[in-house]
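Taking it in order: structure first as structure tokens, then the write-up.
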Amino acid sequence: MTEGVETSGVVLSISQAAPPQDADVGGQEYDNKAQYILSLVGYAVGLGNLWRFPYLAYTYGGGAFLIPYFFALFFLGLPLFILELGLGQMTRRGTLGMWLKLGLPRMQGVGVAATCCTFMVGLYYNVILGWTIYYFGRTLGALPSGVLPWSDQAEGFVCPETVLYPKSAVANDPYLINPATGLFNASFVSDFWCPEVAGSQAPAGFQAVRVRPLSCPARSAAVFWEEQALQQSSGLDDPAGLNPGMVFAFTIAWLLVYLCVFQGVKSSGKVVYVTATLPYFCLLAFLIRAALLPNAHTGLKFFLIPDWSILGRGQVWLAAAVQIFYSLGVGFGSLITFASCSSKHNDFVRDAMTIAFINCSTSVLSGCVVFPILGFLVSELQGTSPCISGDSLDGLKSIGLSGTGLAFIAFPIAIARMPGSFFFAILFFVMLLCLGIDSQFAMLESVVSVLSEAGVGRKFSRPVLSGMVCLVSYLIGLIFVCRGGLYWFNLLDTYTSVLALFVVTCLECVGLTWASEGKVWLEFKQQTQEWTGRELGPVFHWFWKWVCPGLTLALLLANFIPPTGKVDLMGAGESLPYPEGQGYLPTWSISFGWFLAVVPLLALLLVAAFPQLVYDAGEEDHSRNLSGNAENPAGSFMADRPPSVPQEDETVTAKTILKNNKNNKQPDRRRQTDEEEEEEDA
């Protein structure tokens, strides 16, 4: 129980002695524990579970990838997840204001860096929702025809010519190609050469043969994605104007996000009842359908049986650690914002373990859905290409499974060839929309909360401030719905978080366990014991002081040290214009990408040098009066004294309280609730 100073019938908790500039944030609180847990599930469980995790497992040895993945979870992801929930819940502030409560105003730069990173990710993340809405709309529009728009049976689509490379000895055999279908004869499958890279020169003894097949499901899905959905330009240096259809879908996506967050957790806390639970019903339906598909065992076998030789590659361990960061969402500040709106008596350790278990179980569940479907896909495509075998998933590299390729090419191909294809197509895109919108409005909540804490949004109501952030993000995000938008999407996705997440989480650990000669940690530990009843033992201290900072620094260095580290992360030096290649990336994209990567760190250093940039001098003076500690201008709840022992100079008069309430146009509902709880405890 935290002691308080009673003045004129009002109990002011010493732990709440903080500047009132973030009163708007303080007024936000979840109606119940279920909303809080579902919000965390909705944020942590996102598109990365459905497409990034399966793609990484496909790339790095199937089941073998699970070993470094769970290693990174237990030694890095879970401790950091617990840390961020604890910081938000104990300080009752977002990623910026918590440092004031901790008495470390210069560390606010860490919160600013996390917010910069979150804002940039939110800019391009929402275009995925736009793509999803576009596919959903086209699916509904195709219902009268009975043919999905990316199917090779769609009206007006003609399969392009395909180049095959048979042995010269059989190249002129009349039975090599069926003239009626344009497909190769399966009895000659061993007589073909398969290029690893499109456009490669055939070796001696093989020659090129051009055919036009009547069935080309992989090519039709790729053409629909590249030429109709994206209207893809030649490269990053060729924006080629806005894509009208995608602009419309992108606009709808931002309107949906705004409707979810315009009242903060009051609105988003209710939305998650649907968006956080519906994907699991969809996944269950896909799991049952996938298990019954022909050749499903081939994909499932690849996922569950590890290739042990892959574990000797450092890139596998780095990819697993990065995936844990993205999957759990640590380092972005959103977890801290969510926890600040929860009950202060929650057992945040248990909550974090529960959410982490749900999150990683969802990733494995997604693998059990995706890989049987990929097994079905190779069985369907083996008749159209001699380079695809029904006994192996290796041939799918030719259609592209990385990120967007898995969600908007590979999955739609398989769905188009399933019985009940329209039902599963609608189900799939509804699932993508729910998974994506949860994470998107969580990131937006974090940005809005930081703006409120910094005093930027003091003159605006929550709906207006949320609308302003949405509008600015929408206008900047129009670059992603140009015909060259995919290249900008990939640029930000590759570089934005490559440094900031590791620096932010490392400094969060350092700020808690190393600052003020360990006094902050002792008071955090005491506060946790008083509010939650849980004692943070030496294991937590050891992880947060040594293990997590060490591992995050190692990951940071791995981005620069070969063989895992490299400067040209997107391969701009070898890029070719579309359609000859995947799209041209000019050399300046490398420097611009790294500029985006260091922007959060530059913001961190700027605020560390000038902390007054994110809080007012007037608030500083007021806080200094409350705390009686000139070294802690924020009036932190963890000053140089035990928070449960009231000091003589902490007495607050009724006049001061009334003045503060007058200055704050919006009442701090959560602070009032905490005071009522303190009265009950007393």
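The numbers here are math on the coordinates, done by the rules we state, and not lab data. Since the structure is predicted, the reported quantities are computational estimates derived from the model, not experimental observations. So basically every Cβ, Gly included, is an ideal-geometry build from the backbone, and we count neighbours across all protein chains shown.
Before moving on, here are some points about what is shown:
- Legend: residue pairs K525/K566; K344/K459; K270/K519; K519/K566, Cα-Cα distance threshold 31 Å; pairs beyond threshold, K525/K566; K270/K519; K519/K566.
- Packing, as the average of other Cβ atoms within 10 Å across residues, places the peptides 443-453, 382-392 in the order 443-453, 382-392, highest first.
- Sorting the segments 349-361, 319-331 by their residues' average number of neighbouring beta-carbon atoms within 10 angstrom, most packed first, yields 319-331, 349-361.
- Low-density loop cleavage sites - GluC sites (Glu not before Pro) in segment 181-265, where at most 10 other Cβ are within 10 Å (DSSP): E196
- Highest mean packing first, where packing is the average number of other Cβ atoms within 10 Å per residue, the peptides 31-38, 85-92, 481-488 line up as 85-92, 481-488, 31-38.
- Computed FRET value (nearest 0.05) for S461 with F248, which takes r as the C-beta separation and R₀ as 30 Å: 0.55
- Computed from backbone phi, the HN-Hα couplings of segment 274-281 come to 9, 5, 8, 9, 4, x, 6, 5 Hz, rounded to whole numbers (Karplus: 6.51 cos²θ - 1.76 cosθ + 1.60, θ = phi - 60°; Gly and Pro given as x).
- Amide H within-cut-off set for Y584, under 5 Å, with H built and near neighbours excluded: G235, L236, Y578
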